[in-house]
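The values are calculated or read from the model by the stated rules, or taken from the named source; none is laboratory data. Keep in mind that what you see is a predicted model, and the values were worked out from it rather than measured. Here Cβ is always computed from backbone atoms with ideal geometry, including for glycine, and neighbour counts include all displayed protein chains.
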Amino acid sequence: MLELRSGEDIVRARLAARDLVRQVGLGVMDQTRFATAVSELGRNAVRYAVQARCELADLSDARHWRLQAMISDQGPGIRDLDLAMQDGYSTGGSLGAGLPGARRLVDVFDIRSDGSGTVVTVQLVRPRRP
C-alpha cells in the first residue's frame, strides 16, 4: 500500500504500477496505460482528499493476467458520478480529463463515492499466451 500525499507519492505509485505490469511480462504499451491511469487517479485523490492511498495487486489466474489498482481516499466524495465521468467536467478548474481518461485506459473501471470518500478500482486484463 502506498500513501498518497504529494506529487512525489504519485510518481512512486506510477512507477510501482508500471513495474507490476512489467514484472508479469506485458509490453510497454500496457505498462504505460496502467501507470497513466494510476497516476491520473492518484492526482485526483491528492488534489481533492485529505487522506489517499493506492493498493496494487496481481490477481492473475491461469487464463488471464489481471492487474489491479485501488485508489481510495477519505475526501468529500463525488456528488454526481455521472457528471464527473464526462470529459471536460471539473470542480477544480482542471481540464476534466482525469476520471474519463483513466476509464479509457483500462479494461475494468469501478468507482464508488459517498460523503466520506471515493474508491476507484481499475484492472488491466490480458489473456495469457501459451
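If the condition is being within 10 Å of the chain's Cα centre (by Cα) and of a type in the set (S, T, N, Q), then the range 33-89 contributes THR36, SER39, ASN44, GLN68, SER72. Flag: ALA13 matches the condition of being closer than 17 Å to LEU105 by Cα, without any contact (Cβ under 8 Å) to a residue 60 or more places away in the chain and touching a Gly at 6+ places or on another chain (Cβ under 6 Å).
I'd like to check something: does the range 60-82 contain any residue that is within 12 Å of LEU124 (Cα to Cα), assigned to a helix (DSSP H, G or I) and touching a residue at least 24 places away in the same chain (Cβ under 8 Å)? Scanning the range 60-82 turns up no residue that is within 12 Å of LEU124 (Cα to Cα), assigned to a helix (DSSP H, G or I) and touching a residue at least 24 places away in the same chain (Cβ under 8 Å).
If ASP73 meets every condition in (1) at pLDDT 95 or above; (2) surrounded by 15 or more Cβ atoms within 10 Å (Cβ to Cβ) apart from one, which number is that one? Looking at each condition in turn, ASP73 falls short on (1). Starting from residues that are loosely packed, with under 14 Cβ neighbours inside 10 Å and under 26 Å from ARG18 (Cα atoms), keep the ones in the range 87-106 and report whichever is modelled with the highest pLDDT. Per the criteria, the residue is ARG104.
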